[in-house]
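One structure below.
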Amino acid sequence: MRALGFLIALILGISHPGAAQQPVPGGTVKIYLRDSPASASVAEEATRTATVPLMGLFNNLLMYDQNNPVNSDTSLVPELATEWAWSDDHTRLTFTLRPGVTWHDGKPFTAADVACTMALLLETGADRLRKNPHKPWFANIAEVIVNGPLAVTLRLHHPQPSLLALLASGYSAIYPCHVSAAKMRTAPIGTGPFRLAAFNQNEMVRLERNPTYWKKDRPFLDAIEMPVIASRATAMLAFSAGKVDMSFPGDATAAMAQEMLREAPNAQCVFVPMNAPHNLIVNREKPPFDDPDIRRAMALTLDRAAFIRIMFDGKADIGGAMLPAPQGVWGMPAQETRTLFGYDPDIAANRARARALMEARGYGPQKRLPVKVATRNIPVYRDAAVILIDQLREIFMDGELEPMDTGIWFSRLVRKDYTIGMNVTASPLDDPDQTLYENYACGSERNYSQYCNPALEKLFAAQSGELDRAKRKALVWEIDRQLQADVARPIIMYQHGATCWHNRVHGYTPMLNSAANGYRFEDLWIEH
């Protein structure tokens, strides 16, 4: 009962700490990072290892309110755009831009910078991103029309109600025309509340206050220091000793949060659901995993409840391709989810079917299938991979763990240089366009399993252009059923995670339905 009470207290702890107090300008907040971002270019990255330390360098056209825990249509707020308007047919979206904004190097921000950013993302200009994981988000943009220095219109191929949400993501920063994509990887220039002071791989990221920020009273902090502490035990000790002020957002399990509060009883921990599903990825071009029945057997052996019990003390959610309710808008209810392929709670029956599939392909107790299970070398990935290896043994597969550093991990996935992988996809949005086009569309950079179903992609387009929310949801559920039946990318669980901070830190609000959007940090302040 004490543990249950603790978890309830954490869940109810979602608030805007210190909102009733007067912010104090100045000071430095220290937040530990669990590993180092591969580059300083958020447009080229696809993990909150990048957005946590780097979002504060940039602005978007619009953004989700950083003090609202739920990302929704009603929590969108202006940033570089002061207002926006749709045409009557929803195929043109016009932005009026903020005057007087300057880049960190003093050059003025104009509509040309928006056009240059879109050219990078759409790969229509001379400069190129080295990695472009979010390109599918913006494929519906047919043309970018600059209407003078402070107005820009995006003309679309077809209506897309989710475009505003995609533009509000933490990954959707506006880049300057006058700085190359290559320079943005190591010495980025933004318009955001902070400037980059240090970017030392595997050591430290340091941000310093932008004195010319267009919000004259922000940010409150002089600096944010983010040391890389790969060991969870070391990070917990650093927090308990007061050497860092805040944990990496969402990184702490319930057990870790309990321990940190035990050692630092005046601290606060907020434990929330995260739109960050663990998923099994299979390179379907590598034999024997090019055989659909082998992949079906793998989906049938998954015991999702065991993952949740072992890793998160029962605090995680089972869902399909979309974040499940109540946080998720588009996810299926539990009774529907149980009908998906591989989701039957009768694990023994599922595994009997899986073993029959494997035996039909010649595998069994005397002929087992050896395989390497690749994963990112941080605990939340590695621990899940170990459980996966144990569950694969039930269907005559002998897995060997292959951990990889963050930079290597994502590069290998993009090159499809793996066989089986345990992945965690930190989704920046609870929206089908982001999830479906990025993770399941033919040819998408982040479609790591190389799943391709042209007929189903027609439904992707149909739901994307559907303005009626109920009709759109019905299409999304139809798509989700087919994705699970095809074993496109089996979703294991949606994790929950805690963020802890000492009571001297104020102005941070964890978000309930996004793992990548809440790190502008311009409202953060510290008592000193």
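Each value in this text was obtained by applying a stated rule to the coordinates, not by laboratory testing. This one's a predicted model, so the numbers in the text were calculated from it and none came from an experiment. Heads up, the Cβs are rebuilt from the backbone with ideal geometry, glycines too, and the neighbour counts pull from every protein chain shown.
Odds and ends about this structure:
- Cα centroids of the stretch 135-156 and the stretch 364-426: 40 Å apart.
- Options ILE526, GLN434, TYR508, ranked by Cα towards positive dipole end of the stretch 404-528, top entry (Cβ charges): GLN434
- Across the options ASN447, ALA354, ALA173, the greatest Cα extent toward the positive end of the charge dipole of the chain (unit charges at beta carbon of Lys, Arg, Asp, Glu) belongs to ALA354.
- Listed by Cβ neighbour count within 10 Å, with the fewest neighbours leading, THR51, THR186 appear as THR186, THR51.
- Helical mean residue ellipticity (222 nm; -39500 (n - 2.57) per DSSP H run of 4+; nearest 500) of the chain: -8500 deg cm²/dmol
- The mean sequence distance of close C-alpha pairs (under 8 Å, at least 6 residues apart), as a share of the length of the chain, puts its relative contact order at 25 percent.
- Summing Lys and Arg as +1 and Asp and Glu as -1 over all other residues whose Cβ lies under 11 Å from the Cβ of LYS416 gives a net charge of +1.
- Cβ-derived FRET efficiency at R0 51 Å, SER180 paired with ASP88, nearest 0.05: 0.85
- Pairwise FRET efficiency - LYS458 versus ASP346, Cβ, R0 = 35 Å, nearest 0.05: 0.55
- What the phi angles of the stretch 437-447 give under the Karplus curve with 6.51, -1.76 and 1.60, with θ = phi - 60°, is a coupling list of 5, 6, 9, 10, 6, 4, x, 5, 4, 9, 7 Hz, glycine and proline written as x.
- Too-long pairs where the Cα-Cα distance tops 21 Å, listed order kept, from LYS131/LYS183; LYS183/LYS416; LYS135/LYS416; LYS286/LYS367: LYS183/LYS416
- Couplings for the stretch 385-394, taken from phi via the Karplus curve 6.51 cos²θ - 1.76 cosθ + 1.60 with θ = phi - 60°, read 5, 5, 5, 4, 4, 5, 6, 5, 4, 5 Hz in order; Gly and Pro are left as x.
- The spacing between the stretch 174-202 and the stretch 81-122, judged by their C-alpha centroids, is 19 Å.
- Amide H within-cut-off set for MET204, under 5 Å, with H built and near neighbours excluded: VAL228
- Net charge dipole size for the chain [Lys, Arg +1 and Asp, Glu -1 on Cβ; Debye, nearest 20]: 700
- Per-residue Cβ neighbour rank within 10 angstrom, fewest leading, THR234, THR406: THR234, THR406
- Part-to-part distance (alpha-carbon centres) for the stretch 326-359 and the stretch 490-528, which is given in Å: 31
- Counting only residues at least eight positions apart within a chain, or on another chain, the aspartates and glutamates with an alpha carbon under 13 Å from that of LYS215 are GLU79, GLU522, ASP523.
- Proximal charge balance of LEU388 [Cβ under 13 Å; K/R count +1, D/E count -1]: -3
- Counting neighbouring Cβ atoms within 10 Å and putting the fewest first, the residues SER36, SER72 line up as SER72, SER36.
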